[in-house]
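The values are calculated or read from the model by the stated rules, or taken from the named source; none is laboratory data. Bear in mind that the values here come from a model prediction, so they are computed numbers and not experimental data. Cβ atoms come from the backbone with ideal geometry, glycine included; neighbour counts cover every protein chain shown.
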Amino acid sequence: MALLKKLTEFVENGPPSQTSTYHGSREAAADLVKVDIVGESSYQKELGQLAGPKLYDGVSKWLLASLTPDPANPYDENAVAVSIQGFKVGYLARPMAKAFQHMMISAGMAGEDLTEIDAEIRGGWSRGNDEGHFGVALYLPESVAKQLGVT
């Protein structure tokens, strides 16, 4: 939570030399905003290992995720991978990834992983011949989500 706290403080209050009003708990921070990730269809095996078997009504499992810059990604130099318990499960959408990279640079945290982000694995239903994929949503402080272009 330390880097997420630091980033939230920077977004809400400016550089560390300015007064901070963030008090360190997710509950004390601005409301959390749901941010869907992309690319989960390529990581269904990993998501299944994390979420467990598909169920008739689907699953909803809460875990902690991390965001890791992936500059070696051949499709997007600004790519940001989303991982849960060491498993890559997708990416931030391209416009969000670029905004994330700029935000981390501005906060003096370029190249660092952002960890302890609330994440929900959901979906994964199985109803006979009808099956749904697992998806992932992150829950970020409102001020951070706004910087990523999420409203």
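Filter the stretch 26-54 down to residues that are of a type in the set (A, V, I, L, M), assigned to a loop (DSSP other than H, G, I, E, B) and at pLDDT below 95, then give me how many there are.
3
For VAL59, state whether it is at pLDDT 90 or above and among the β-branched types (Val, Ile, Thr).
So VAL59 fits the description; yes.
If you go through the stretch 9-18 one residue at a time, do you hit one that is acidic (Asp, Glu) and at pLDDT 95 or above?
no
If the requirement is being under 24 Å from LEU55 (Cα atoms), of a type outside the set (Lys, Arg) and in contact (Cβ under 8 Å) with a residue 40 or more places away in the chain, which of these qualifies: GLY90, GLY111?
None of the others qualify; the one that does is GLY90.
Quick check, is VAL59 crowded, with 18+ Cβ neighbours inside 10 Å, touching a residue at least 60 places away in the same chain (Cβ under 8 Å) and in contact with a helix residue (DSSP H, G or I) (Cβ under 9 Å, 6 or more places away or on another chain)?
So VAL59 fits the description; yes.
Within the bounds of the stretch 70-81, is there any residue that is at negative phi, out of contact with any Pro (no Cβ under 8 Å at 6 or more places or on another chain), among the hydrophobic types (A, V, I, L, M, F, W, C) and in contact (Cβ under 8 Å) with a residue 24 or more places away in the chain?
Checked against the condition, which is being at negative phi, out of contact with any Pro (no Cβ under 8 Å at 6 or more places or on another chain), among the hydrophobic types (A, V, I, L, M, F, W, C) and in contact (Cβ under 8 Å) with a residue 24 or more places away in the chain, the stretch 70-81 yields no hits at all.
How do the strands (runs of 3 or more DSSP E) wholly within the stretch 55-137 filter down when requiring 3 or more residues that are over 17 Å from GLY39 (Cα atoms), within 14 Å of the chain's Cα centre (by Cα) and not polar (S, T, N, Q): which remain?
Passing ranges, in order: 59-69, 114-123.
Consider GLU120 carefully, then state whether it is more than 30 Å from ASP57 (Cα to Cα), in contact with a strand residue (DSSP E or B) (Cβ under 9 Å, 6 or more places away or on another chain) and either of a type in the set (A, V, I, L, M) or surrounded by 14 or more Cβ atoms within 10 Å (Cβ to Cβ) (or both).
No: the conditions fail for GLU120.
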